[in-house]
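Only one structure is covered here, and it is reproduced in the block below.
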Amino acid sequence: MENINDLSSNFQDYLLDILKLSDEKKVVRLKDIAEKRKVKMPAVNVMLKKMEKAGLIVHENYGYVELTGKGMELAAQIEKRHKVLYEFLKDILNLPQEIAEKDAHKIEHDLDEKAIKNISAFMEFVDLMEKKFHTRECFCFSYFSENGDLPPEDVCKTRLLLRFKDESKNT
């Protein structure tokens, strides 16, 4: 299992939970995972055996749970995917935090890596536009999402032209 898309959503969730728990605590125990996931310890034990067999964790009976290098790498990729989707939903689509969090979790397991890369590139583009032109308004999306229509053309053109002119004066 070298690719995130090769992992079931359950595997992905367990990896992410173990990563988060290891950030919060010195050591991660089976009990911690069961509490976080709100499942019984035997269910966690079954999953941990599968994860250990896949080389994603190290776990001895009644011992601590640790991510392997491969497990850590995959967990970090899963965490990054979630963050990109969450920020896209919250910052670009203007969804409330709770909805963005819930929806990011729902779709993070099913999107192809190319889709994640393109969303990430789009987010980078938005950030660069904001840094260079000091606005995200050029997309006029906020207006559209609130009013169901594009803003008047002269408003967008004026704002963009002013931004470009202002920027050229600084160089």
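Readers should treat all values here as calculations from the given coordinates under stated rules, not as data from a laboratory. Just so we're clear, the structure is a prediction, and the values are computed from it rather than from any experiment. Positions of Cβ are backbone-derived with ideal geometry, glycine not excepted, and every protein chain shown enters the neighbour counts.
Cross-link reach is defined here as a Cα-Cα straight distance under 19 Å, omitting same-chain residues fewer than 8 places apart; for LYS25 the lysines meeting it are LYS36, LYS38.
Fewest-first ordering of LEU89, LEU74, LEU150 by other beta carbons within 10 Å of each residue's beta carbon gives LEU150, LEU89, LEU74.
So how far apart, in nm, are the two label points at TYR62 and ASP91 if each is 7 Å from Cα heading toward Cβ? The answer from the label model is 4.8 nm.
How about LYS131: which lysines have a C-alpha closer than 20 Å to its C-alpha, ignoring those fewer than 8 places off in the same chain? Here the lysines satisfying the reach criterion relative to LYS131 are LYS90, LYS157, LYS165, LYS169. Give me the net charge of HIS59's neighbourhood, meaning all other residues with Cβ under 9 Å from the Cβ of HIS59; Lys, Arg count +1, Asp, Glu -1. Result for the neighbourhood of HIS59: -2.
Relative to the current alpha-carbon distance between LYS50 and GLU130, full extension at 0.36 nm per residue lengthens the span by 24.3 nm. Ordered by the number of other Cβ atoms lying within 10 Å of each residue's own Cβ, fewest first, VAL65, VAL58 fall into the sequence VAL58, VAL65. Between amide H atoms placed 1.01 Å from N, distances below 5 Å from LEU111 occur with no residue 5 or more places distant or on a separate chain. Which residue, GLY71, ASN45, ASN5, has the largest displacement toward the positive end of the dipole of the stretch 4-74 when charges sit on each Cβ (Lys, Arg +1; Asp, Glu -1)? Going by the charge dipole, the pick is ASN45. Remark: the stretch 30-44, residue by residue, has Karplus-estimated 3J(HN,Hα) of 4, 4, 4, 5, 4, 5, 5, 8, 6, 10, 7, 4, x, 5, 5 Hz, where x stands for each Gly or Pro and the curve is 6.51 cos²θ - 1.76 cosθ + 1.60 at θ = phi - 60°.
For LYS53, the lysines whose Cα falls under 22 Å of its own Cα, not counting residues fewer than eight places away in the same chain, are LYS20, LYS31, LYS40, LYS70.
Put in order of Cβ neighbour count within 10 Å, fewest first, the listed residues MET51, MET72 become MET72, MET51.
Taking amide hydrogens as placed 1.01 Å from N in the peptide plane, the amide H of LEU95 sits under 5 Å from those of LYS90, each at least 5 positions away in sequence or on another chain. Counting charges near ASP103 (Lys, Arg +1; Asp, Glu -1) among other residues having Cβ under 15 Å from its Cβ returns a value of -1.
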